[in-house]
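Engineer: First the structure, then my questions, so here it is.
Just so it is clear, none of the values below were taken in a lab; they were calculated from the coordinates. All of these numbers come straight from a predicted model, not from anything done at the bench. A quick note on method: Cβ atoms are made from the backbone with ideal geometry, for glycine too, and the neighbour counts reach across all protein chains shown.
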Amino acid sequence: MYLARTPFLLQTILPGFEWRIATADPVLYLTFDDGPIPELTPWVLEILRRYKAKATFFCVGENVRKHPEIYRQILQDGHTVGNHTYNHLNGWKTADETYLENVQECAHWVQSKLFRPPYGRLRRSQRKELSSQYRLIMWDVLSGDFDPTITPQKCCDNVLSNARPGSIVVLHDNIKAAENLRVVLPAILEHFSGKGYRFDAIPEK
């Protein structure tokens, strides 16, 4: 179960996380979790280039190790990157020491002060430790592209109906999301470009 738009109450009772960027400017912050992978990330980069859009890629360290050339292209294209652990660990199911070591292993491959926990799941103790080293980036709009039970159109509606100035939108450059992402990403860029929006990367500071 997940919500396409993160409730304001949830945002207020979970301190230490960044859910959106406070602004009245027409700007969206597209983020991509789980890559880079050769089957999808190069396509994402090409679509972003077409719209002169910048984004933030929360990379799994193991994937960066396997595909360093794609990671370099992300940086060369002017996008920002973030740490998404080395093995895509669930913080609720992982001992603190193991989890933090995994984050540090990812940091060897992904040099960034941005961190997003896989599944959005992080224990309070893990959050406390990581918040001294990273900006903990969450989201206020979840596309649901990872969900094989929803249609690409529903995925589009999740974003088009809920995004607003400053929204951090979650997408995924992984195999499971590919079918939905190939529809939703061009749709988001086309729709919001037509409304005068720009697409920025989340800055590290």
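Engineer: Considering amide H positions built from the backbone, and no H for Pro or chain starts, which residues 5 or more places from R135, or on another chain, come under 5 Å of its amide H?
Structural biologist: L114, F115
Engineer: Mind checking Rg over Rh on the chain, alpha carbons, Kirkwood formula for Rh?
Structural biologist: Here Rg/Rh amounts to 0.93.
Engineer: Separate question: Filter K154/K176; K66/K176; K54/K154; K54/K128; K128/K205; K52/K195 down to the pairs with a C-alpha to C-alpha distance above 22 Å, please.
Structural biologist: Over 22 Å apart, Cα to Cα: K54/K154; K54/K128.
Engineer: Among DSSP bridges having both ends in the chain, what percentage is antiparallel? Round to the nearest 5.
Structural biologist: 10
Engineer: Another question, then. What distance in nm separates the simple spin-label points at D147 and K52, each placed 7 Å from Cα in the Cβ direction?
Structural biologist: 3.5
Engineer: Apply 1/(1 + (r/R0)^6) to the Cβ-Cβ distance of D25 and D77, taking R0 = 25 Å, and write down the FRET efficiency to the nearest 0.05.
Structural biologist: With R0 = 25 Å, the Cβ-Cβ based efficiency is 0.65.
Engineer: Under a 5 Å amide H to amide H cut-off, with H placed in plane at 1.01 Å, what residues pair with F57 once short-range neighbours are removed?
Structural biologist: Those lying under 5 Å, H to H, from F57 are F32, T80, V81, G82.
Engineer: Something else: If I model a spin label at K195 and S125 as a point 7 Å from the Cα along the Cα→Cβ vector, what separation in nanometres do I get?
Structural biologist: 4.3
Engineer: Please list 3J(HN,Hα) in residue order for segment 29-35, calculated via the Karplus relation 6.51 cos²θ - 1.76 cosθ + 1.60 where θ = phi - 60°; whole Hz, with x for glycine and proline.
Structural biologist: Values per residue, Gly and Pro as x: 10, 7, 10, 10, 9, 5, x Hz.
Engineer: Per residue of segment 139-146, in order, report the coupling 6.51 cos²θ - 1.76 cosθ + 1.60 (Karplus, θ = phi - 60°) as ³J(HN,Hα) in whole Hz, putting x for Gly and Pro.
Structural biologist: 6, 10, 9, 10, 5, x, 4, 6
Engineer: Turning to a different aspect of this structure: Please list 31-40, 75-84, 123-132 highest first by mean number of surrounding beta-carbon atoms within 10 Å per residue.
Structural biologist: Highest mean packing first, the order is 31-40, 75-84, 123-132.
Engineer: Work out from phi, with θ = phi - 60° and the Karplus expression 6.51 cos²θ - 1.76 cosθ + 1.60, the ³J(HN,Hα) of each residue of segment 185-200, listed in order in whole Hz, and give x for Gly and Pro.
Structural biologist: Computed from phi, the couplings for segment 185-200 are 5, x, 5, 4, 5, 5, 4, 7, 4, x, 9, x, 7, 10, 10, 10 Hz.
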